Amino acid sequence: MKIKIIAYGIAKDILQTKEMSYELNDDSSIGNLKNVLLEKYPKFEALASLRFAVGEEYQDDEFVLEEGSEVVIIPPVSGG
Amino acid sequence: MEIKIYNNPINVEEVEQYVYDPNCGGIVTFIGTVRNSTKGKNVVRLEFEAYVPMAIKELNKIAETIMEKWPVKKLAIHHRIGNLEIGEVAVAIAIACPHRKNAFEACAYAIDTLKETVPIWKKEIFEDGEVWVSAHP
């Protein structure tokens, strides 16, 4: 299945793009996506934290993705 | 309550004016400004970016929690994004309560939680490079 990845902050620099589409196995979870990303982009490993959002809410590793899901990578936030 | 994220300069007086309430004896305002150095290195400017719709949602959650936990009458949070020069205001939080103690506590909670949960990122631009703040441990 195809999902869309959207990146902000340092995640955008690591992916070298703001948005990309990504092919994942059906029924993949956020945890699966995280593993794939860590393997392909080892720089994510060095971050203080790595969170993901779907539907404008933080989601945990068990959250199951579907065809067309839009997943936002949330690297450590630093507002204020 | 009033939650806003925008590119233009923040008018702190306006933020405070919004929370003014005759039932309140205390308004606490936190103003976060751009510092000219980090760990001894000169900062040239900051660049803020936000995942705006989610950032608004998370700021609303903070505001709702505050309204539940403290007797807050009015609350405003304005966060700026884009390029900011030294000394400019990045965030302004104003909270009005009948009594000051609650307003101080609620305001501290607001900025502390904002820094943990709200998807906003800042990049420090130095003379010789740039760093996403807090990205690495």
*Within the stretch A:34-48, which residues have the backbone N less than 18 Å from the label spot 7 Å out from A:Thr17 along Cα→beta-carbon, could you tell me?*
A:34, A:36-44
*Taking 0.36 nm per intervening residue step and subtracting the Cα-Cα distance, what contour gain separates A:Asn35 from A:Met1 on full extension?*
10.6 nm
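Among DSSP bridges having both ends in the stretch B:2-132, what percentage is antiparallel? Round to the nearest 5. Don't skip to the end; give the middle numbers.
On the way: 31 of 36 bridges.
Rounded to the nearest five, the antiparallel share is 85 percent.
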*Over all Cα pairs of chain A, how is the pair count split among 10 Å bins, expressed in % and running from 0 up to the last occupied bin?*
19, 58, 22, 1
*Once the principal axes of the Cα atoms of the protein assembly as shown are found, what is the range along each, listed largest first in whole angstroms?*
59, 42, 27
*Please work out the Cα center distance from the stretch A:2-16 to the stretch B:57-134, rounded to the nearest Å.*
25 Å
*When the C-alpha atoms of chain B are aligned to their principal axes, what extent does each axis show, in angstrom, from largest down?*
51, 25, 25
_So if each residue of separation counts as 0.36 nm, and I subtract the Cα-Cα distance between B:Val131 and B:Lys4, what length gain in nm does that give?_
43.2 nm
*Specify the residue with the greatest mean-square fluctuation among B:Ile66, B:Ile81, B:Ile125, computed from a Gaussian network of chain B linking alpha-carbon atoms under 10 Å apart.*
B:Ile125
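Throughout, read-outs are computed from the coordinates displayed, never taken from laboratory work. Small disclaimer: the values here were computed from a predicted structure and weren't measured. Cβ sites come from the backbone with ideal geometry, for glycine too, and all protein chains shown count toward neighbours.
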